[in-house]
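Input: a single structure, listed below in structure tokens.
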Amino acid sequence: MQEASLVSKAPLIQVLGPAVEPELMKAQLFEEIMHQLPKVQTLQIIFCGPDIPPNSENWMEMETCPRCRRAGRKRRQRLYSRTYHEYALRLGSAYEVPDLAVAFNSGCSQEARDSWAGTIKHLVQRKVPTIFTAFNREEGEAEGKLFANAGATLEPHAVTGFYSVNGWLACGFK
Ligand SMILES: [Zn+2]
């Protein structure tokens, strides 16, 4: 993500397969992106995954910190209760490649593999800037292979040994 490209329009981040806890319940943490990118006036985040309860799917204006509120900066989010590739398929030509798609500890090499396979295929084919994190090295490498097998050219990365939530980068590409 180049900051220059973020100034021209409201940046769009899409979070794939989020868990209600922690991603949705702590969505205010995404405001830190605004604090790191002071020229961003509005940050748009779409959460998309089958674990999300059905809802209106409309944009929701989210509460920001007092400083952002005084500056008229906005954080808005939208929730879709379906897999990411189903979301993209339904939108058809209205689908917009986001500035970043991210999946936190998706476990895509372990669970719901068929479902994730469709999402991975979409991300690779549409050259969506993507980050997947993993719980550990084995999972990170297994997930990296899924992306490589789907045709993604992964950015080189070094793996070092510790256990941490989102401590492992399974892939980063665009
Ligand atoms: Zn703020």
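The values are calculated or read from the model by the stated rules, or taken from the named source; none is laboratory data. The structure presented is a predicted model; accordingly, all values stated were derived computationally and were not measured. Here the Cβ is made from the backbone with ideal geometry for all residues, glycine too, and neighbour counts use every protein chain on show.
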Legend entry - the range 25-40 residues that are in the same structural domain as Lys74 (by TED's automatic domain parsing), paired with ones that are among the basic types (Lys, Arg) and at pLDDT 90 or above (beta carbon under 7 Å, 6 or more apart): Phe30/Arg75; Glu31/Arg75; Met34/Arg73; Met34/Arg75
Legend entry - Boolean, Leu12 is within 13 Å of the chain's Cα centre (by Cα), at negative phi and away from the ligand (no atom under 14 Å from the Cβ): yes
Legend entry - Which numbered condition Glu61 misses (of (1) farther than 22 Å from Ala19 by Cα; (2) in contact with a Lys or Arg (Cβ under 7 Å, 6 or more places away or on another chain)): (1)
Inset, instruction - Give the number of residues within the range 30-57 that are closer than 20 Å to Leu100 by Cα, away from the ligand (no atom under 11 Å from the Cβ) and surrounded by fewer than 13 Cβ atoms within 10 Å (Cβ to Cβ). - result: 1
Inset, instruction - Tell me which of these Arg82 doesn't satisfy, since it passes every other one: (1) within 16 Å of the ligand (Cβ to nearest atom); (2) more than 21 Å from Ala134 (Cβ to Cβ). - result: (1)
Inset, instruction - Scan the range 96-116 residue by residue and report those that are modelled with pLDDT of 95 or more and over 15 Å from the mean Cα position of the chain (by Cα). - result: none
Legend entry - Residue satisfying condition, being over 26 Å from Gly172 (Cβ atoms) and of a type outside the set (A, V, I, L, M), within set Arg90, Arg75: Arg90
Inset, instruction - Say whether the condition of being in the same structural domain as Gly49 (by TED's automatic domain parsing) and buried (at least 18 other Cβ atoms within 10 Å of the Cβ) is met by at least one residue in the range 118-128. - result: no
